[in-house]
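The values are calculated or read from the model by the stated rules, or taken from the named source; none is laboratory data. Predicted, not measured: the structure shown is a model, and the values here were computed from it. As a convention, Cβ positions derive from the backbone with ideal geometry for all residues, glycine included, and neighbour counts pool all protein chains shown. With ligands, DNA and RNA removed, areas are computed over all heavy atoms of the protein, side chains included. Shrake-Rupley method; radii C 1.70, N 1.55, O 1.52, S 1.80 Å.
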Amino acid sequence: GSLSDRRHVAADRRKKSTGGMKQAKKLTQLYKSKAAKEIADSQSTVTVNVKASNKLKVRGKQNLKTLKARKLEKTAICKLEGNYGDEGGVKKCTDAPKVRALTASEVRRILAEDDVNGGSSRSWVRRSTRQPSRSAINSPNVRAIVGKLEMNDPDMIVLKCKKYLSDPDTPSVIVDAMLDALERNTNCQALYIQNFNYGMKDEQVLHLIRILQQPSCKIWCLNIGETYDVQKRTWARFTNGLEKTNVTHMYASEHTISGAMKEKIRETIRSNRKKHDLHVNPNNLNVIVQCTHCWWNPINARVLQPYVRQRGYEHILFDKVAQGAKDVMTDSGHI
């Protein structure tokens, strides 16, 4: 062909060669982008799988804790329902008998029971806050304490809860039933509600302080020791609330409250002694001699000493084990 034709053919060949290179470059870029996307997808899949595995581990631990808590609660309920057999309900009282003077042997027996039943437990385990079955309220020992409180039974004048609910793992639902009955009671003077480190929590402590503030409440002696599962701010509200109560003698475990709280509580209960004389009235001595295991026991009041000796209670003054104190004070001005 002519020179012109040859030039056109060469130009067409160059165009085709350039187009092929461009197409190859585009394909290479496409393959690279697909590979990068596949790598990113695989990395995200691994991350999701790791997160899911971690969630399953946490959920498994939570389920294990729940199962353990249910087992503990079931054991506590069985203990409650089996303590006193299946005899039935509480006998109703019509006319409450008059309180007679206690003999020395009876006082020693009562104090001995305190040492056995009211002993401290220094170890505790944080458990689930789930409420157990309310059927435990129908157990004979729970019906007994609730019924006696509602009827102002003479046994409730000095209420030592461990005589009815001896298990430290007593659940909160049982403590709630007891506090509800105590709210309607008007003859209890001394309340020993210590060592319920599972059932006595923030809600129950605040309920108790509301009961103590009621005008109809006669409680002046309180032992709330060995109560571990309560927050500091709840103890602070309890401490401030004591000013509106009649509590004059008390014990709370030093390792559950701060030193400042303890000092404030002691100042408050000293001030409360001006409100009534139940803690120093010789006519109330039969109750006073049973009020032991406090920071300072009312039987040591100087004004009571002649009556203590006259009625044969002098041996309690020198029995540090019966009084539940390391150092027995003999002057109400030193606590």
Using a 1.4 Å probe and ignoring any ligands, DNA or RNA, find the accessible area of residue 210 and quote it in Å² to the nearest 10. 140 Å²
Given a 1.4 angstrom probe, what's the average accessible area per residue across region 234-329, in square angstrom? 46 Å²
Between the modelled labels at residue 271 and residue 283 (7 Å from Cα along Cα→Cβ) the distance in nm is 2.9 nm
Taking a probe of 1.4 Å and leaving out DNA, RNA and ligands, region 150-213 shows per residue an accessible area in Å² of 27 Å²
Using 32 Å as the Cα-Cα cut-off, could you pick out the over-long pairs in 68/218; 71/163; 68/262; 65/232; 162/244; 71/262? 68/218; 68/262; 71/262
Placed amide H near residue 222: partners under 5 Å, 5+ positions off or other chain: 191, 249, 250, 251
Given the Cα-Cα distance of residue 255 and residue 32 and 0.36 nm per residue of separation, how much length would full extension add, in nm? 73.5 nm
Portion, in percent, of the accessible area of region 133-212 that falls on carbon or sulfur, probe 1.4 Å: 47 percent
Subtract the Cα-Cα distance of residue 138 and residue 166 from 0.36 nm times their separation in residues, and report this length gain in nm to one decimal. 8.5 nm
Sort 280, 303 by accessible area with a 1.4 Å probe, largest first. 303, 280
The correct ranking of 172, 4 by accessible area at 1.4 Å, largest first, is 4, 172
On a full-extension model of 0.36 nm per residue, what is the gain between residue 210 and residue 2, subtracting their alpha-carbon distance, rounded to one decimal in nm? 63.1 nm
